[in-house]
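The values are calculated or read from the model by the stated rules, or taken from the named source; none is laboratory data. For clarity, every value in this text was computed on a predicted model and none was experimentally measured. Counting neighbours? That spans all protein chains shown, and the Cβs are built from the backbone with ideal geometry, glycine included.
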Amino acid sequence: MDKSTVHEVVLVGRSTRIPKVQQLLQDFFNGKKLCKSINVDEAVAYGAAVFAAILLDDEGNDQKLDILLLDVTPLSLGLETTGGVMTVLIPRNTTIPTVKEQINVRFEIDVKGILIVSAKAENKTNGQKNIITITNRKDRLSKQEIQKMVQDAKKYKEEEEEHKKVGEAKNTLENYAYNMRNMVREMDDAIKQAIQWLDCNQLAEADEFIDKMWELESICNPIITKM
């Protein structure tokens with residue numbers, strides 16, 4: 001593709017906000033005016049939503065769109081011929097779906113962008129034909145695999161919820177046990193200190209005994225209330 005064949009330059013993406021980037025683009029396209037009417041942050045989301053609606057419509061959705069969105073193949077596809085030269089069958093930026101056939105080799109890109117290559121061999125004597133179809137699905141999941149993943153997700157969700165309930169119950173019990181142990185330990189320490197004071201102060205005044213009683217109550221009563 002030559003830049004002279006570009007009719008309009010549309011800015012999409014946050015980096016296009018940078019004035020220097022805009023200037024470089026305008027200079028590259030020989031001063032062509034840049035289209036800035038599209039929200040650069042929302043353009044991709046809008047495009048994805050429109051494309052999803054088109055795919056749903058293609059599967060029998062009753063809602064019709066008055067928008068035509070053309071998808072293209074980003075790479076040129078072809079065959080290697082004598083001398084390592086590539087014979088292009090489908091030039092890049094060709095709208096899809098498209099089909100091109102040459103020398104018994106057929107390239108097809110469906111509406112979802114899936115490339116299917118078919119090679120046909122024909123016996124000219126008896127007219128018998130053999131066809132092999134090559135599909136690259138190593139990085140894609142089959143419908144059965146997708147359905148299994150959905151079912152597994154539902155199953156694991158139920159198991160995770162059950163594990164969550166068990167974990168929450170365990171944590172509640174554990175926290176209560178540790179809190180009670182700490183409170184009992186604090187009360188036990190206060191009681192031991194009060195007994196030690198009694199052992200060492202048998203001849204203390206009444207006010208001192210009363211003060212010590214209040215001190216012990218101030219520690220033990222809140223703990224007993226919580227229990």
Residues that are out of contact with any strand residue (DSSP E or B) (no Cβ under 9 Å at 6 or more places or on another chain), surrounded by 10 or more Cβ atoms within 10 Å (Cβ to Cβ) and closer than 27 Å to Pro91 by Cα, drawn from segment 2-23: Lys3, Val6, Val12, Gly13
Leu65 modelled with pLDDT of 75 or more, part of a loop (DSSP other than H, G, I, E, B) and within 33 Å of the chain's Cα centre (by Cα): no
Output for segment 101-116, where each listed residue is out of contact with any Asp or Glu (no Cβ under 8 Å at 6 or more places or on another chain) and either at pLDDT 65 or above or within 27 Å of Leu68 (Cα to Cα) (or both): Glu101, Gln102, Val105, Arg106, Glu108, Ile109, Asp110, Lys112, Ile114
The one condition in (1) of a type in the set (A, V, I, L, M); (2) assigned by TED's automatic domain parsing to the domain that holds Val105; (3) modelled with pLDDT of 85 or more that Val85 fails to fulfil: (3)
Any chance Arg181 is loosely packed, with under 10 Cβ neighbours inside 10 Å and either assigned to a helix (DSSP H, G or I) or at pLDDT below 85 (or both): no
